[in-house]
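Data first, discussion second: the structure below is written as structure tokens.
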Amino acid sequence: MGSTETFTLFGGLVLLAILLQYAIETYLLRRHLRYVAAHRGAVPAPFGDTIALSDHQRAADYTLAKGSFSYLEATVGVVVSIALLFFGLAWLWGLTASVTSAIWIRELLLIAFMSIITGVISLPFSYYSTFSIEERFGFNKTTQVTFWTDLIKGTLVSAALLLPLLALVFWLMRASGSLWWLYAWSLFIGFQLLMLAIYPTFIAPIFNKFTPLAKEDTKAAIEGLMKRTDFESNGLYVMDGSKRSAHGNAYFTGFGKAKRIVFFDTLLEKLTNSEIVAVLAHELGHFKRKHIVKRIVFMAFASLAFFAATAWAMQQPWLYTPFGFAADTGKTAPGVALILFSMALPALLFWLGPLGAAYSRKHEFEADAYAAAVSDKSDLIVALTKLYRDNANTLTPDPMYSAYHHSHPPAMIRIAHLQGLHT
């Protein structure tokens, strides 16, 4: 096979993968919307006594509105991805030459230009989702000031954290020889662990206000759970989630001595103390069943494989020529190789997404089982039912769509699993 054919083959594979992913996900989305619409008229039997028909129909309408909009967003996204990868990156790379001759600065500028373009294109979708769809269904609490302030803060924080990291990675690619990928991976893992440690204390408060849980009866109930499960945290906090949305949630953040338990204020308003304890027990289940550690370990191995594969691919001319770059670009601008590979690889590996979703659902079942063992499973069932209702989560997702996309089990399957547990 000639070199030109090889170059064309890789570019063709990437293009085919992008289009195939779009076709599959569009088909599944259309199935999902038809399924939700077909089951809009009646509440599923397991929820007949706990969720009103009006709430069920509101959830269906919310799902249909979001799904129809996501189809448009995905269509624009795939066009932008193809245009940027096959035409835009090379043009932007040439544009950076008019700014500076320093290669490492050009590599950072290429990242910045890409981020600006994708950010500008995604902004109208984010704005419409917040101030039209979320507003229409009563979820939006975000003001114009908060929306634009969040955008500015997010951009500045991302730039402050990621640009120095990328600059170090690009430097390692030049300065550390053939094992640069191992050093870059070590830097990446160190950065990830550092973020886990400092996020709760230094980064999250930039966007939200966190206050110690003040309700003594709720605090006592939670501390009772923590005592009998032998779990220690750095505090119980309430986040002002109602500043942006009426959706409710709870989560752990940080690790080691920096672990925090965080409740959205909207969640505390909707659940009783025993239900809050059950929800927290589920989150504790993720910790006790080592799900967080497993995900960190998986991320470490996956990122190691990525950096090693990049080190191999950057020596191959076919990584550059299909996208408008010179065949030897990696020798003078290794950062471009990292950028190209990080954009092309997800398209080729999109089929792994459903496997990741299935693994995540397995963890959710395990966390539910743990919660049922250390709290009252009926409280968790009631809490989940309230959250499905109040967050307008559809009770009737298309099974095939759900298997492909959802990181959490569908409502009916999850509740049935809880009811079948022997505690």
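None of the figures in this text is laboratory data; all of them are computed from the coordinates on show. If you're wondering where the values come from, they're calculated on a predicted model, not measured in any experiment. Using ideal geometry, Cβ is built from the backbone for each residue, glycine included, and neighbour counts are taken over all protein chains shown.
Points worth noting:
- Neighbour net charge for residue 251 - beta-carbon separation under 10 angstrom, K R +1, D E -1: 0
- Percent breakdown of C-alpha pair distances by 10 Å bin, ordered from the shortest bin, for the range 321-372: 20, 28, 19, 17, 12, 5
- For a paramagnetic label modelled on residue 100 (point 7 Å from Cα along Cα→Cβ), amide N atoms under 17 Å away belong, within the range 151-166, to 159-166.
- Separation between Cα centres of the range 209-281 and the range 108-173, rounded to whole Å: 28 Å
- In this simple spin-label approximation, residue 362 and residue 156 carry label points 7 Å from Cα along the Cα→Cβ vector, and these lie 4.4 nm apart.
- Our note on the geometry: Cα centres of the range 349-377 and the range 14-33, 25 Å apart.
- Peptides 98-111, 288-301, 359-372, ordered by how many other C-beta atoms sit within 10 Å of their residues on average, highest first, read 359-372, 98-111, 288-301.
- Subtracting the Cα-Cα distance of residue 165 and residue 137 from their residue separation scaled by 0.36 nm leaves 6.1 nm.
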